[in-house]
Amino acid sequence: MEDLKLLLIDRLKSKGIDPPLIPAYLKALTSIIKSKPGIELPQVNHKLHSLGWNEVDIDYHCLQIAIACLEDEAN
């Protein structure tokens with residue numbers, strides 16, 4: 001699980017998210033995913049934008065890694 005989380009953090013850094021902001025970004029992303037399992041990527045980005053995370057859109061791979069991290073935590 002730790003490898004997945006590190007991979008996700010690296011991908012977010014490469015997308016331009018300032019490293020000190022990543023924990024808060026991941027908290028928002030986690031909350032969105034947990035609130036609506038099966039949510040589609042455009043909806044995730046829309047919800048992140050509505051929370052003020054306008055500088056970056058996550059891609060499909062980031063979303064899938066985040067979902068895998070959550071599923072791993074649940075097991």
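Counting lysine pairs in the chain that sit 8 or more residues apart in sequence, or on different chains, and whose Cα atoms lie under 14 Å apart gives 5. Normalised Debye scattering of the stretch 31-75 at q = 0.28, 0.31 Å⁻¹ gives log10 I(q)/I(0) of -1.10, -1.23, counting only Cα atoms as equal scatterers and leaving out solvent. Other residues with beta-carbon under 13 Å from the beta-carbon of E2 carry, at +1 per Lys or Arg and -1 per Asp or Glu, a net charge of -3. Based on DSSP H segments of at least four residues, each scored -39500 (n - 2.57), the chain has a per-residue ellipticity at 222 nm of -22000 deg cm²/dmol. Taking a sphere under 13 Å around the Cβ of Q43 and counting the other residues whose Cβ falls inside, with K and R at +1 and D and E at -1, yields a net charge of 0. When the surface is traced with a 1.4 Å probe over the full set of protein chains, S50 keeps roughly 90 Å² accessible. For the chain, the Stokes-Einstein estimate of translational diffusion at 37 °C and a viscosity of 0.692 mPa s comes to 266 µm²/s, using the Kirkwood hydrodynamic radius over alpha-carbon pairs. Within the chain, what whole-number % of the accessible surface is contributed by carbon and sulfur, with the 1.4 Å probe and all protein chains included in the calculation? Of the solvent-accessible surface of the chain, carbon and sulfur hold 54 percent. With contacts taken as Cα pairs under 8 Å and at least 6 residues apart, the chain reaches a relative contact order of 49 percent.
Highest-first packing order for the peptide set 37-45, 56-64 is 56-64, 37-45, based on the mean count of other beta carbon atoms within 10 Å.
The values are calculated or read from the model by the stated rules, or taken from the named source; none is laboratory data. From a predicted model like this one, the values you see are computed outputs, not experimental measurements. FYI the Cβ positions are ideal-geometry reconstructions off the backbone, even for glycines, and counts take in every protein chain you see. Accessible surface is based on the protein model in full, side chains and every heavy atom, while ligands, DNA and RNA are left aside. Shrake-Rupley method; radii C 1.70, N 1.55, O 1.52, S 1.80 Å.
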